[in-house]
Amino acid sequence: ILSTLFSKYPQIALNGFVERKEGMWIIFSYIALMFSAINLIETKRQLKAVVYALGISGAIISVISIFQYYGMDIFVTEFAKDLMISKEIQAQIKEFNINFGEKYSYGVFYNPNYLGGYISLYAPLMLSFAVISKDIKEKVIFGLFFILSIVALYGSRSEAGVLGTAGAIGLLIILLTVRYIIKDKSKEEYKKILITRLAP
């Protein structure tokens, strides 16, 4: 809000710019979605519905990305072109080409770095559910989603995506290790351990 108020270019700050439409209204939408999720999701069943929806959509994106890496891009087909571009505009376009070079993936994000950023959020989430789930079928499903996303990340060649994913997985390992260390201890035992460690 402050950056928008003090911006010399309020229209761009509010609405974004060509190929980067994340102005203040979009940021507000992200925040609204976050608070909606926090306040509306109350049961494990609701949480699972959201996680499965994310998992399936991410798996589809990963599969599209893997095919792109091997030169089979759905978005350069006539079918995809007809879905994305109206006939009127197609008549004005001499050539329609999406090309980042051989052995590159961009998923559905137009840019390989955007795919990498998405995977850096998606892959650790899938891995965490694969680890903490008590259902063998869920472990297999989320494990498969995680593997697909890592293959897609490789295809994106996004260094930021790789660093973000590695950092998130490192943090996840630390959190899960701490969780398993304190899981079997009562609150009183945990307090004693803390007091012992903190005492001079």
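The values are calculated or read from the model by the stated rules, or taken from the named source; none is laboratory data. Since the model is a prediction, treat every value here as computed from it, not as a measurement. Here Cβ is always computed from backbone atoms with ideal geometry, including for glycine, and neighbour counts include all displayed protein chains. Just the protein is used for accessible areas: all its heavy atoms, side chains included, with ligands, DNA and RNA removed. Shrake-Rupley method; radii C 1.70, N 1.55, O 1.52, S 1.80 Å.
The table that follows gives values for the structure above.
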{"quantity": "Sequence-separation-based contact order of the chain, relative, with Cα cut under 8 Å and 6+ spacing, percent", "calculated": "18 percent"}
{"quantity": "Cut-off 15 Å between beta-carbons: net charge of the residues surrounding Leu144, Lys and Arg +1, Asp and Glu -1", "calculated": "0"}
{"quantity": "Counted charge near Asn111, where neighbours are those whose Cβ lies closer than 12 Å (Asp, Glu -1; Lys, Arg +1)", "calculated": "+1"}
{"quantity": "Of Lys21/Lys87; Lys103/Lys137; Lys44/Lys139; Lys44/Lys137; Lys48/Lys137; Lys21/Lys103, pairs whose Cα-Cα distance is over 22 Å", "calculated": "Lys21/Lys87; Lys103/Lys137; Lys21/Lys103"}
{"quantity": "Base-10 log of normalised Debye intensity for the chain (one unit scatterer per alpha-carbon) at q = 0.09 Å⁻¹", "calculated": "-0.52"}
{"quantity": "With Cα atoms, 0 to 90° folded angle of helix 112-132 axis to the chain main axis", "calculated": "30 degrees"}
{"quantity": "Fraction of accessible area attributable to carbon and sulfur, region 1-138 (%, probe 1.4 Å)", "calculated": "66 percent"}
{"quantity": "Crossing angle, helix 187-198 versus the chain [Cα axis fit, 0-90 degrees, rounded to tens]", "calculated": "90 degrees"}
{"quantity": "Accessible area of region 1-88 divided out per residue, in Å², using a probe of 1.4 angstrom", "calculated": "78 Å²"}
{"quantity": "Summed residue charge, Cβ within 13 Å of Gly71's Cβ, Lys/Arg positive, Asp/Glu negative", "calculated": "-1"}
